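Accompanying notes for the structure given below.
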Amino acid sequence: MGATQTHQTHRVQPLRIGLIGAGWVTQHHLAGWRQHASRARVVSITDPNTAQAQARASAFGIDQVFANAEQMLDRGDLDAVDVAAPRETHADLVRLAARHGLPVLCQKPLAPTYEEACALVAETQDRTRLMVHENWRFRPYYRQISRWLHEQRIGQVVQAQMCLLTSGLIPDGQGRYAALDRQPFVATLQRALVMEILIHHIDTLRFLLGDLRLVHARLGKGCSAMAGEDRASLVFESTSGAAVSLLANLRVWGEPEAKPDELLLVGERGCIRLSGDSLRCQGDQPEQLHYDLPACYTESYAATIGHFIDALGDGRPFETSPQDNLQTLRLVEEIYSFGSPI
């Protein structure tokens, strides 16, 4: 890997990226890569659904389409791999890329369980550079909150509350569910809300507040169209002693089908509130900012990818390294172990 990193540091041509997967999320990956076209370019895409892969290739100017990852990697003309396939394939695909000596950007989660992810990290940590594509914390408003916290704008955080409440799993007049129209595969997941969605929020809370300890967890399911849970009530404690609650429910009457995160951080000398497109810091140094939320969503993918490229170039540690991400996965595993259904 040392030789590969040196080569990448001094290269003039853009990195050649192979994308594994052509599902829903890859449109956002590809838009992110396109923002860094002078430094990296997706030149190959693979998916068993070759028609979908070809559609992505046509839309984003990708040169080569393959039916499987082995064929794509065996050509030997790539500098790095972006894994955006279903979660149950992540571990095998990371191992495959590691055997080819390629750095990997892998969508969350690294594996379906914490135990599988630990085994993957232990096996590959000396064979490849691996970064988890955990883009939530790269959203501009969360980066701003992090700056305010490091500036001690509100003093030590003593309480935190994060909410995700939508009506996305309440059927409309035609019996359709907005949340499942957007991502149909979620209905089939035994581990649904926490592993697929709240894993982002837990990682973001860790990014802002440091390591967390799970204190309480309750999961439940109210939608018959779902195999897994669609509501969660979680309580954590930060290393500084702050009480941190995370409340989520995708079947709340009166809420919109999709809704931005809501976050309240209560400090000793002020508070920070994120609600809709508004971010406010209240206290001795008040400030209010407004964000274009769709643009922030797009930017989070580009910022994640930009960090990956930067770290490959100069050897800096990945912010969302496997070791860091395992701490998020450990909490997720504990939630499923102790979160009795209601």
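Would you mind working out the magnitude of the charge dipole of the range 260-309 relative to its Cα centre, with +1 at each Lys and Arg C-beta and -1 at each Asp and Glu C-beta, to the nearest 20 Debye?
Around 80 debye, computed over the range 260-309.
Considering only protein heavy atoms, with the full assembly of protein chains and a 1.4 angstrom probe, order 290, 201 by accessible area, largest first.
In descending accessible area the options line up as 290, 201.
Among 71, 40, 338, whose Cα lies farthest out toward the positive end of the dipole of the chain, if unit charges sit on the beta carbon of Lys, Arg (+1) and Asp, Glu (-1)?
Highest projection toward the positive end goes to 40.
Considering only C-alpha atoms, what is the centroid distance from the range 295-342 to the range 276-292, in Å?
25
Debye calculation, C-alpha points only, no solvent: report log10 I(q)/I(0) for the range 53-186 at q = 0.09, 0.13 Å⁻¹, in the same order as the q values.
-0.45, -0.85
Could you give the angle, 0 to 90 degrees to the nearest 10, between helix 293-314's Cα long axis and the longest principal axis of the Cα atoms of the chain?
The two axes meet at around 50 degrees.
Sort 221, 108, 259 by heavy-atom solvent-accessible area, probe 1.4 angstrom, most to least.
221, 259, 108
Where nothing but the Cβ of Lys and Arg (+1) and of Asp and Glu (-1) is charged, how large is the charge dipole of the range 1-150 around its Cα centre, in debye to the nearest 20?
Here the size comes out at about 760 debye.
Could you pull the accessible area for residue 186 with a 1.4 Å probe, rounded to 10 Å²?
Its accessible surface works out to 20 Å², give or take rounding.
What size of dipole, in debye to the nearest 20, comes out for the chain about its Cα centre when the only charges are +1 on Lys and Arg C-beta atoms and -1 on Asp and Glu C-beta atoms?
Numbers: 33 positive and 39 negative charges, 53 e Å.
Computed about the Cα centre, the dipole is about 260 debye.
Which semi-axis lengths, in whole Å and largest first, follow from the square roots of five times the eigenvalues of the Cα gyration tensor of the chain?
In descending order, the three semi-axes are 33, 24, 20 Å.
Distance from the Cα centre of the range 39-105 to that of the range 139-213, in angstrom?
28
Whenever you get a sec, compute what percent of the accessible area on the chain sits on carbon and sulfur atoms (1.4 Å probe). Could the numbers behind the result be given before it?
Values: 7240 of 14560 Å².
Carbon and sulfur atoms account for 50 percent of the accessible area of the chain.
In the chain, once you exclude exposed chymotrypsin sites (Phe, Trp or Tyr not before Pro) (DSSP loop, at most 16 other Cβ within 10 angstrom), what's the longest stretch remaining?
Details: sites that count: 24, 253.
Looking at the chain, 25-252 is the longest stretch - no exposed chymotrypsin sites (Phe, Trp or Tyr not before Pro) with at most 16 other Cβ atoms within 10 Å.
What figure in square angstrom, to the nearest 10, would you give for the accessible area of residue 157 with a 1.4 Å probe?
20
Residue 182 versus residue 257, label points 7 Å from Cα toward the beta carbon: distance in nm?
Here the answer is 1.0 nm between the modelled labels.
So what is the accessible area of the range 97-250 per residue, in Å², with the probe set to 1.4 Å?
Working: 5800 Å² over 154 residues.
Per-residue accessible area for the range 97-250 comes out at 38 Å².
Accessible surface of residue 181 in the full protein assembly, 1.4 angstrom probe, to the nearest 10 Å²?
Residue 181 has an accessible surface of roughly 80 Å² with all protein chains in place.
According to the Cα gyration tensor, what semi-axes, each the square root of 5 times an eigenvalue, does the equivalent ellipsoid of the range 134-231 have, listed from largest to smallest in whole Å?
The equivalent ellipsoid of the range 134-231 has semi-axes of 31, 15, 12 Å.
Select from 52, 174, 282 the residue whose mean-square fluctuation is largest in a Gaussian network model of the chain (Cα-Cα springs shorter than 10 Å).
Of 52, 174, 282, the most mobile in the Gaussian network model is 174.
Looking at the chain only, what percent of DSSP beta bridges run antiparallel? Nearest 5 please.
Percent antiparallel among DSSP bridges in the chain is about 55.
So between residue 337 and residue 12, what do we pick up on full extension, going 0.36 nm a residue minus the alpha carbon distance? Provide the component values of the computation, followed by the final result.
Details: separation 325, 0.36 × 325 = 117.00 nm, distance 4.91 nm.
Gain on extension, residue 337 to residue 12, equals 112.1 nm.
The values are calculated or read from the model by the stated rules, or taken from the named source; none is laboratory data. Since we're looking at a predicted model, the values are computed, not measured. Note that each Cβ is placed from the backbone with ideal geometry, even for glycine, and that neighbours are counted across all protein chains shown. Please note that ligands, DNA and RNA were not included when accessible areas were found on the heavy atoms of the full protein model with its side chains. Shrake-Rupley method; radii C 1.70, N 1.55, O 1.52, S 1.80 Å.
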